[in-house]
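**Student:** Okay, here's the structure, questions in a sec.
We did not get these values from a lab; they are worked out from the coordinates using the rules stated. Note that the coordinates shown come from a computational prediction; the quantities given were computed from them, not determined experimentally. Cβ coordinates were reconstructed from backbone atoms using ideal geometry, including for glycine residues, and neighbour counts include every protein chain displayed.
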Amino acid sequence: MANLVKEYAAADASRKVDLIYKHFSVFLRAVDSRTAGLMYLIENEKISNKRAEEGELGVKVKKSSRSDPTANKAINNVITREALIACDFSGGILEGTDREEEFRREAYILKGMRQDYDLFTRQVECLDETNRKIFISYINRSKSTVEIADEIGIGLEAARNRIYKIKVEVKEHMLEYMEGRL
């Protein structure tokens, strides 16, 4: 699912909606997993850099701004999941890392993915009850098109058309929000 984050970051708004639709049932799990991975990378880099500075890794201690007690305290700050999700980098939580910009960029991508997913679910919630149930069943892959058709008493082709129309409606509304038209 790491590829999902990379693909999402490079995608235009239309492709982002398609990616949410395609990976709906695992989308947030992928974002949460990558968020946890990012936290792990940040914390390990901070620990490794601090140990190197203190000479624990057999590296000569380099005198720099990090030898300042305030900076060392900042290095020890632990990044929380909530701070990372909110992209709140106050308190020096990235201090002591060599890849601060890379970490920031990825955190903002993950935040954007969460916001877009929330927007998608809000758009689905705006559907009438029947269409919402149909669409949620379909995107969660809990029911096939045949099962949906049987459940609502329409033919298979009519069910496919209805799902397609719902998908187009949700996508159009999302794009209006994402592109700032609403």
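**Student:** Sort THR35, THR121 so the one with the fewest other Cβ atoms within 10 Å of its own Cβ comes first.
**Tutor:** THR121, THR35
**Student:** How long are the semi-axes of the equivalent ellipsoid of segment 126-182, taking √(5λ) for every eigenvalue λ of the Cα gyration tensor, in whole Å from largest down?
**Tutor:** 24, 10, 9
**Student:** Let me ask something else about it. Run the reach check for LYS143 against aspartates and glutamates, Cα to Cα strictly under 14 Å, same-chain hits fewer than 8 apart removed. What comes back?
**Tutor:** GLU151
**Student:** Say the cut-off is 19 Å between C-alpha atoms; which of LYS22/LYS171; LYS6/LYS171; LYS6/LYS46; LYS16/LYS133; LYS46/LYS111; LYS111/LYS165 go over it?
**Tutor:** Violating the 19 Å Cα-Cα cut-off are LYS6/LYS171; LYS6/LYS46; LYS16/LYS133; LYS46/LYS111; LYS111/LYS165.
**Student:** Enumerate by residue number the trypsin sites (Lys or Arg not before Pro) in segment 118-182 meeting two conditions: DSSP loop (anything except H, G, I, E, B), and at most 13 other Cβ atoms within 10 Å of the site's Cβ.
**Tutor:** When the trypsin sites (Lys or Arg not before Pro) of segment 118-182 are filtered for loop state and at most 13 Cβ neighbours within 10 Å, ARG141, ARG181 remain.
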